[in-house]
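The block underneath contains the structure these notes are about, expressed in structure tokens.
Nothing in this text is a laboratory measurement; each read-out follows from the coordinates by a stated rule. Computed from a predicted model, the values in this text were never measured in an experiment. Note: ideal-geometry Cβ built from the backbone for every residue, glycine included; neighbour counts use all protein chains shown.
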Amino acid sequence: MKYKIILSACIFLCCSISKAQQQHYLLTGTYTSGKSEGIYVYRFNSADGTASPVSQVKISNPSFVAVSPDEQFVYSVEEDAAANGKGGEISAFSFNKNTGALSFINRQATGGDHPCYVSVDKTGKWVAAGNYSSGSLSIFPVDANGGLGAATTYRHEGSGPNKTRQAAAHVHATFFSADNRFLFVPDLGMDKLMIYAFDENTGKLTAAKQPFAASEPGAGPRHICFNPGNTFAYLIEELTGTVVTYKCKNGKLKRKQRISSMPAGDTSFAGSADIHVSPDGRFLYASNRAEANTITIFSINQNNGKLSLIGHQSTMGKTPRNFNFDPTGNFLLVANQNSDAIVVFKINRETGLLTDTGNRIDVGRPVCLKWISMQ
């Protein structure tokens, strides 16, 4: 009898752990010019790809959010400009894993307009933000309570041939390297992927030995990602709809390939937005907005990092901004900004192809998706 009781308890415990591993918090950043009011938190079930609302917090235009390495804090841009009297800001929140609630700590000015990207270094002691309209980036110290100190701002100077979009510098991302020694900063206006050496003790940025990797004129570099081994980097270029593959070592980038994310013969404007490597490192995905509204799927050559086109998947919505994989790697979620919905796709782990699950998360103007594990 005792044996059966112990066995039943063990089975219950294992089932409880398994169920907990299938549940994750999904944080959604939005634009608040529509029906959205800020950041939304959902409980996502990785067993079936469904989600249920948990909490929300009001904040102006939280178009990009970042989670601290210990998952205790969340940082959000407020993508505003000086016309509103305050310019752009970054807000800090604590996150309660028991309730899924965000609690406001403080906010700090970025020293620039329209911050569109925020990230946290690997120590959790520094936050970096990119100010799109001002062509600058900001580094914030993080206090013991997760709050932010005053920013140090670094400004870019330059332009590109597309006078509509590249009349000045436009910082579009701030991405810390896996070893925390470098900060990669794509600048859409300058056609350069800037590379900074980062001191995690002081938060200071200096030009790296290779200070930048130049894009083709008019390409408009936007976001960057790395393969799991951090040996290859992939840059999405918004204005030309192209992906650049780099060999990466010690903060230096060597270009290996440049490939279109659009179908052959399609000369329409791509408006490419986001880019990610699958957790297993076998596939790369890139989003195209404008008229396409697709996720482009590539296979990755594991020896040289080069890409081969697999196909294009409709996002089943309008203006796919950011997208992300759930923590199990079974689903890919797409934030369709202009159709007010997050679409959930099932990933074929063998082919990389996507299948619409039919699951939708209705939320106003979603643009950024991040994950936090549950207790």
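How far apart, in nm, are two points set 7 Å out from the Cα along the Cα-to-Cβ line at ASN145 and at ILE310?
It works out to 4.7 nm between the two label points.
For ALA82 and GLN375, FRET efficiency with R0 = 56 Å and r from the beta-carbon atoms, rounded to 0.05?
On the way: r = 41 Å, r/R0 = 0.74.
Step by step, r from the Cβ atoms, then E = 0.85.
Round to a whole angstrom and tell me the spacing of the C-alpha centers of region 193-258 and region 88-125.
24
How much length is gained on full extension from ASN230 to ASN303, taking 0.36 nm per residue of separation minus their Cα-Cα distance? Let's see the in-between values first.
Numbers: separation 73, 0.36 × 73 = 26.28 nm, distance 1.30 nm.
In short, 25.0 nm is gained.
Rounded to the nearest 20 debye, what is the charge dipole size of the chain about its Cα centre when +1 sits on each Lys and Arg Cβ and -1 on each Asp and Glu Cβ? Can you show the working numbers first?
Working: 36 positive and 29 negative charges, 160 e Å.
Result for the chain is approximately 760 debye, rounded to the nearest 20.
For ALA167 paired with ALA197, estimate the spin-label separation in nm (one decimal), with each label point 7 Å from Cα along the Cα-to-Cβ line.
If labels sit at ALA167 and ALA197, their model points lie 3.7 nm apart.
If each of GLU37 and ILE259 carries a label point 7 Å out from its Cα toward its Cβ, how far apart are those two points in nm?
It is 4.5 nm.
Is there a pair in LYS125/LYS249; LYS252/LYS306; LYS58/LYS192 whose C-alpha atoms are over 29 Å apart, and which pairs would that be?
On the way: LYS125/LYS249 25 Å; LYS252/LYS306 17 Å; LYS58/LYS192 35 Å.
Going by Cα-Cα distance, LYS58/LYS192 fall outside the 29 Å limit.
Do the sum for the chain: with -39,500 (n - 2.57) for every DSSP H run of n ≥ 4, divided by all residues, what is the mean residue ellipticity at 222 nm, to the nearest 500 deg cm²/dmol?
On the way: 1 runs with 20 residues, N = 375.
Value at 222 nm, helices only: -2000 deg cm²/dmol.
If you average the sequence gap of Cα pairs under 8 Å that are 6 or more apart and divide by the length of the chain, what percent do you get for the contact order?
Working: 1103 pairs, mean separation 45.9, N = 375.
Reported relative contact order: 12 percent.
Cross-link candidates for LYS35: which aspartates and glutamates have Cα within less than 16 Å, leaving aside residues fewer than 8 places away along the same chain?
Within the straight-line limit of under 16 Å, LYS35 reaches these aspartates and glutamates: ASP340, ASP362.
Test of understanding: in a Gaussian network model of the chain with alpha carbons linked when under 10 Å, which of LYS97, LYS122, LYS209 would top the mean-square fluctuation ranking?
LYS209
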